[in-house]
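A.B. asks: Structure below; questions to follow.
Please treat every number below as a calculation from the coordinates, not as lab data. Worth saying up front: this structure is predicted, and the values here are computed from it rather than measured. Heads up, the Cβs are rebuilt from the backbone with ideal geometry, glycines too, and the neighbour counts pull from every protein chain shown.
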Amino acid sequence: MAWIKQINENEATGKLKQVYDEILNTRGKISNVMKIHSIDVDSMKHHLDLYLSIIYSESNISKEEKELIAVVVSSINNCSYCIHHHAEALKNFWDDESKINMLISDYKSIEFPIRVHAILNYAEKLTVTPGLVNEYDVQNLRIHDLSDEDILNVNLIVSYFNFVSRIANGLGVETSEEEAKGYKY
């Protein structure tokens, strides 16, 4: 149970009901990390718009790569809510549960294309030591065929999942196997 009050879908009225309906339409169900915003509907709407823009916009960063970033950042932040949600999303690309568990515990032990390792290494550094990220780190992404637009997209994805991990961990947002399943990807 979250540590602050929430308004469930069946109790929502007005603008909150409209935003919940939009979430149901775009995602198929309402996640607990969105429900935690229910007492501040404007923040929920802005969060939803940011999420949809970063995760569902067309880019050279594949949906699989976006989910890899999500799981790695969430694992580093020890955010069980985000780990469960994005490990579940990753099952759309991987049917190997042991590989997903390896990703959660030590992504460096998995043989990825060098581009993916470069992206995940950047994600780790930006998450663990953001003040130490430097131009060399960005240049390393360019060397691995990421454009400046791709680099911005990776940075936004990493930053977004750091943001969400702190919301979930900081407000006691919980998940269950059932809650983490059934979303539109």
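A.B. asks: I'm trying to understand the selection: among the residues of segment 121-136, which are among the basic types (K, R) and loosely packed, with under 11 Cβ neighbours inside 10 Å?
C.D. replies: none
A.B. asks: Then there is this: Which of the residues belonging to segment 4-53 are hydroxyl-bearing (S, T, Y) and at positive phi?
C.D. replies: none
A.B. asks: I need the full set of residues from segment 94-120 which are in a loop (DSSP other than H, G, I, E, B) and more than 16 Å from A180 (Cβ to Cβ), in order please.
C.D. replies: Passing the criteria: D95, D96, I110, E111, F112, P113.
Here is a yes/no grid of residues against (1) surrounded by 13 or more Cβ atoms within 10 Å (Cβ to Cβ); (2) of a type in the set (S, T, Y); (3) closer than 20 Å to L126 by Cβ:
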residue: K17; (1), (2), (3): yes, no, no
residue: E22; (1), (2), (3): yes, no, no
residue: N25; (1), (2), (3): no, no, no
residue: I36; (1), (2), (3): yes, no, no
residue: S43; (1), (2), (3): yes, yes, no
residue: V71; (1), (2), (3): yes, no, yes
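Yes/no matrix, rows are residues, columns are (1) on the phi < 0 side of the Ramachandran plot; (2) surrounded by 20 or more Cβ atoms within 10 Å (Cβ to Cβ); (3) touching a Gly at 6+ places or on another chain (Cβ under 6 Å); (4) without any contact (Cβ under 8 Å) to a residue 24 or more places away in the chain:
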{"position": "C82", "(1), (2), (3), (4)": "yes, yes, no, no"}
{"position": "L90", "(1), (2), (3), (4)": "yes, yes, no, no"}
{"position": "K99", "(1), (2), (3), (4)": "yes, no, no, yes"}
{"position": "L103", "(1), (2), (3), (4)": "yes, yes, no, no"}
{"position": "I110", "(1), (2), (3), (4)": "yes, no, no, yes"}
{"position": "R115", "(1), (2), (3), (4)": "yes, no, no, no"}
{"position": "I119", "(1), (2), (3), (4)": "yes, yes, no, no"}
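A.B. asks: I'd like the full set of residues that are among the β-branched types (V, I, T), crowded, with 17+ Cβ neighbours inside 10 Å and assigned to a helix (DSSP H, G or I), limited to segment 139-174.
C.D. replies: Answer for segment 139-174, where residues must be among the β-branched types (V, I, T), crowded, with 17+ Cβ neighbours inside 10 Å and assigned to a helix (DSSP H, G or I): I151, V154, I157, V158, V164, I167.
A.B. asks: Are there helices (runs of 4 or more DSSP H) fully within segment 13-77 with at least 1 residues that are free of Cβ contacts under 8 Å to residues at least 40 places away in the same chain and among the polar types (S, T, N, Q)? List them.
C.D. replies: 14-27, 41-56, 63-76
A.B. asks: Among the residues of segment 78-92, which ones are in a helix (DSSP H, G or I) and closer than 30 Å to A12 by Cα?
C.D. replies: The answer is S80, Y81, C82, I83, H84, H85, H86, A87, E88, A89.
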